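Taking it in order: structure first as structure tokens, then the write-up.
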Amino acid sequence: MSKAVHLDELPYQRDTCELFERVRDLPGAALLDSSFPHSTAGRYDILAASPVAQLPALPQNASEAQCRRFFDTLGQYHREHYAGIQPVSQDIPFCGGILGYAGYELGNRLHGVVHGPGTTPGAAQVPAVLLQAYDWCVIQDHLLRRATLVSQPGVPAAVRNDLLARLQQAAPRRTADFSLDGEFRSNFTAEGYREAFERIATYIQAGDCYQVNLAQRFSAGFSGDPWHAYRHLRAVAAAPLSAYLQLAKDSAVISLSPERFLSLHGHHVETAPIKGTRPRHPDQETDRAAVRELRASGKDRAENLMIVDLLRNDLGRSCVPGSIIVDRLFEVQSLATVHHLVSTISGELQADRGAAQLLRDSFPGGSITGAPKRRAMEIIAELEPDARQVYCGSVLYISADGRMDSNIAIRTLLCNAGEIHCWAGGGIVADSQWEQEYQETYDKVGKFLFALENLGSH
């Protein structure tokens, strides 16, 4: 028996942040943000709050079997709670359902990888996975210039009316500030990074692996409201798969990701890995030259192709044999701070598979591990000093009607326990040069670090 989802029209807001501020004080507030109008690459924004349930947390040191059961639980929860929910419209990507993040460490446990002994003991960790069920959301469609409150069948009319009133009030004045206690510090010295790089080069020369993504983490103490940091970074480095997840009063995930992990619409699966980066330049001719250099780079194309092959293999676990195609190869996409080399791969999901199984069999994204995936993850765990936590995991939703979308949580910061962490990494292959790879990490997030270091002085 099908169940009708209720739609209430709202006044469209050009900047969804203004709308989100009217519900941000509610528990579990979440914004999936296409960064419009700073970026015109995305179409939809999704905001939600007041989750009705949280999926069971993973144990601190979950086994591979427990992680696999987690995905079974995820699929079972979706089937039991959203049976009969039909797609509302092609223009409503999320009609309530499951939303949150899966951190990179879930991938380690799923693949039986143990982090090395260098991990900071007692470091404040957020849960490896935080997925919650929401029975209402607001969709902003920037193409149709429409805002809609979408409510599950069980949401009482009184709750809908309260939400409609709240969402049409003036946004509260923003008074909270955000500032760092000092400059960002890396968990790698330049010499330490070079030593890790050379270790990877030795593994590659020995035929142990082909590519490894090595990341460094930048950390600083902070005070104030992480939302203020998000809005500032959004203006500096808008990206179409951005997100802000409020975890606790002063704890939040800030993601300005340009990279799609997996999308599922009907049975159509798509992934769009990024490999290859150049910084933007104020001078137009220099900027165009950077695009030409990226497009012609044999190293970046080879690196990108390795990950395309890895992801074709990952999708092959869940998709109909013969359905996987490379739609676009080595496409240059330009963002506010960088140019990227992006490829797009798609396939048709097998009829007996769902979003949870697709996630399980592809997680974590290959573009942030290397190839072969499991061996690259073992090397990352050996060489990186600290756990990645949310970074390189995924912020995702699985709509009640089965539609799914997810990012690769790069350009992602974590505010927790008075510290803000920002990571940046890059794929190392046989002909990589350590100085260039080290610089690339700064090309990716240097403007983030600078913007936050100078925020308090504005």
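Rank these for me by crowding, Asp352, Asp72, going from fewest to most other beta carbons within 10 Å.
By the 10 Å Cβ count, ascending: Asp352, Asp72.
Couplings for segment 206-211, taken from phi via the Karplus curve 6.51 cos²θ - 1.76 cosθ + 1.60 with θ = phi - 60°, read 7, x, 6, 7, 10, 7 Hz in order; Gly and Pro are left as x.
Label sites at Val52 and His38, each approximated as a point 7 angstrom past Cα along Cα to Cβ, lie 3.3 nm apart.
Along the positive direction of the dipole of the chain (beta-carbon charges: Lys, Arg +1; Asp, Glu -1; about the Cα centre), which of Ser35, Ala147, Tyr203 reaches farthest? Value: Ala147. Under a 5 Å amide H cut-off, with hydrogens placed 1.01 Å from N, Ile85 pairs with Lys3 among residues at least 5 apart or on other chains. Which value at 222 nm does the chain reach when only helices count, each DSSP H run of 4 or more adding -39,500 (n - 2.57), with the total divided by all residues and rounded to the nearest 500 deg cm²/dmol? Calculated from helices alone, the mean residue ellipticity at 222 nm is -9500 deg cm²/dmol. Computed about its Cα centre, the charge dipole of the chain is approximately 680 debye, with only Lys, Arg, Asp and Glu carrying charge at their Cβ. Whole-percent P(r), segment 6-457, all Cα pairs, 20 Å bins from 0: 26, 61, 14, 0. The 3J(HN,Hα) values that the Karplus relation (6.51, -1.76, 1.60; θ = phi - 60°) gives for segment 134-145 are, in residue order, 10, 9, 8, 7, 10, 10, 9, 10, 7, 6, 8, 6 Hz. Gly and Pro appear as x. Amide H to amide H, with H built 1.01 Å from N, Arg146 comes under 5 Å of Asp141, counting only residues 5 or more places away or on other chains. Less than 5 angstrom separates the built amide H of Asp177 from those of Asp225, all sequence-distant by 5 or more or on a different chain. Distance between the modelled labels on Arg173 and Thr73, one decimal in nanometres: 4.5 nm (7 Å Cα→Cβ projection). The residue list Phe448, Gly221, Ile324 was ranked by how far each Cα lies along the charge dipole of segment 6-457 toward its positive end, using unit charges on Cβ atoms, and Ile324 comes out on top.
Read-outs: derived from the displayed coordinates by stated rules, not from any lab. Computed from a predicted structure; not experimentally measured. So basically every Cβ, Gly included, is an ideal-geometry build from the backbone, and we count neighbours across all protein chains shown.
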